[in-house]
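The values are calculated or read from the model by the stated rules, or taken from the named source; none is laboratory data. All figures in this text were calculated on a predicted structure; none of them were measured in a lab. We place every Cβ from the backbone using ideal geometry, glycine too, and count neighbours over all the protein chains shown. All accessible areas refer to the heavy atoms of the entire protein, side chains included, with ligands and DNA or RNA removed. Shrake-Rupley method; radii C 1.70, N 1.55, O 1.52, S 1.80 Å.
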Amino acid sequence: MLADEINKARDLLARAERLVIFTGAGVSADSGIPTFRGSGDSSFWGRYDPRALATPEGFAENPRLVYDWYNWRRSQLRAIQPNPAHHAIAHWQRTRRAALITQNVDGLHERLAPPQSLGIRLHGSLADDRCCACDWRESVDFANLPPLRKCPRCGALVRPDVVWFGECLDPDIWALAEDTVRECDLMLVVGTSGEVFPAVGLVDLASERADIIIVNLDPGALDHIAAVALHGKAADIVPKLL
Ligand code: NAD
Ligand code: ZN
């Protein structure tokens, strides 16, 4: 029964000394941002394959289409608010110094995170652009979105500062994430399918020493290593764990 499972998860949370919270697109689904995978309200993506728009090959083929798609996502974000799951997570960051590792690029955790809390963004941020060739970067004003343009330093195209499918993660960020996970005794995994590599490797790494609690809409590839797997909407379930 869900209530028993929730109680079990609450016990694990009460006992844990070092909590790491690991989130994926599902934590923002209840704010109205569609996920790429899963059975949520993903019909939204019916017209295109997000994975074709979120690859270096897609950008090379049609940079304007890809850049405009990211600008469209940025324009949507202006009206979007963090949901009760983000608020509950920020509460743990404030009250028990929980570390947050997110795959999301939407900035919703960051809007609530207390200063000096440890927040690791594995996949970059929609709020920044960077050059495809050199290390030039720039933050983006969502109220005044720039068009596709060339780098003022080297003339190569400018792209969103997010990690696309098939790209490597920043090695320093990855090392920090691994170190953080190695120290935890409990990982709360919210809204991730367990199919995005290498991010999912962090859950495997945590499971060597820590208990795992999973909150996800659908049963998934990670459930078998979890002490508790709770299926339902993140915005309903995560606040119940407080
Ligand atoms: P993912 O593989 O983490 O899958 C999302 C998971 O969320 C699915 O398992 C789905 O069942 C679950 N889910 C859907 N609605 C939910 C809800 N209301 N409550 C709890 N769980 C729910 O991620 P993805 O969607 O395949 O995206 C891949 C990558 O693309 C991400 O890691 C991220 O970098 C990027 N992305 C980011 C955002 C964002 O920033 N909000 C959104 C889409 C994709
Ligand atoms: Zn450049």
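Number of residues in segment 156-199 that are within 14 Å of ligand 1 (Cβ to nearest atom), open to solvent by 30 Å² or more (accessible area, probe 1.4 Å) and acidic (Asp, Glu): the value is 3. Summed over segment 185-200, the residues that are closer than 23 Å to residue 231 by Cβ and either part of a helix (DSSP H, G or I) or over 17 Å from the mean Cα position of the chain (by Cα) (or both) give a count of 1.
Within segment 84-103, the only residue that satisfies the criterion of being under 20 Å from residue 162 (Cα atoms) and either out of contact with any helix residue (DSSP H, G or I) (no Cβ under 8 Å at 6 or more places or on another chain) or assigned to a loop (DSSP other than H, G, I, E, B) (or both) is 103. In the set 68, 106, 128, only one residue is outside any loop (DSSP other than H, G, I, E, B), of a type in the set (Asp, Glu) and open to solvent by less than 70 Å² (accessible area, probe 1.4 Å); that residue is 128. Could you run through segment 71-92 and say how many residues are surrounded by 20 or more Cβ atoms within 10 Å (Cβ to Cβ) and of a type in the set (Val, Ile, Thr)? Looking only at that region, the number is 1. Residues in segment 23-40 include at least one that is among the charged types (D, E, K, R) and within 15 Å of residue 238 (Cβ to Cβ).
Only one entry of 114, 152 meets the criterion of being in a loop (DSSP other than H, G, I, E, B) and either within 16 Å of ligand 2 (Cβ to nearest atom) or touching a residue at least 40 places away in the same chain (Cβ under 8 Å) (or both), and that entry is 152. With the structure loaded, tell me whether residue 227 is touching an Asp or Glu at 6+ places or on another chain (Cβ under 7 Å), of a type in the set (Gly, Ala, Ser) and away from ligand 1 (no atom under 13 Å from the Cβ) or whether it fails that test. Judged against the criteria, residue 227 is a match.
Filtering 123, 87 for residues that are under 14 Å from the mean Cα position of the chain (by Cα) and either closer than 18 Å to residue 76 by Cα or touching a residue at least 12 places away in the same chain (Cβ under 8 Å) (or both) leaves a single hit, 123.
Quickly run through segment 201-233 and pick out the residues that are part of a helix (DSSP H, G or I) and open to solvent by less than 10 Å² (accessible area, probe 1.4 Å). Once the filter is applied, which keeps residues that are part of a helix (DSSP H, G or I) and open to solvent by less than 10 Å² (accessible area, probe 1.4 Å), segment 201-233 yields 202, 203, 206.
Condition check: modelled with pLDDT of 95 or more, in contact with a Phe, Trp or Tyr (Cβ under 6 Å, 6 or more places away or on another chain) and not assigned by TED's automatic domain parsing to the domain that holds residue 217. Does residue 74 satisfy that? Yes: the conditions hold for residue 74. If you filter segment 131-140 down to residues that are outside any strand (DSSP E or B) and away from ligand 1 (no atom under 16 Å from the Cβ), you find that the one that is surrounded by the fewest Cβ atoms within 10 Å (Cβ to Cβ) is 135.
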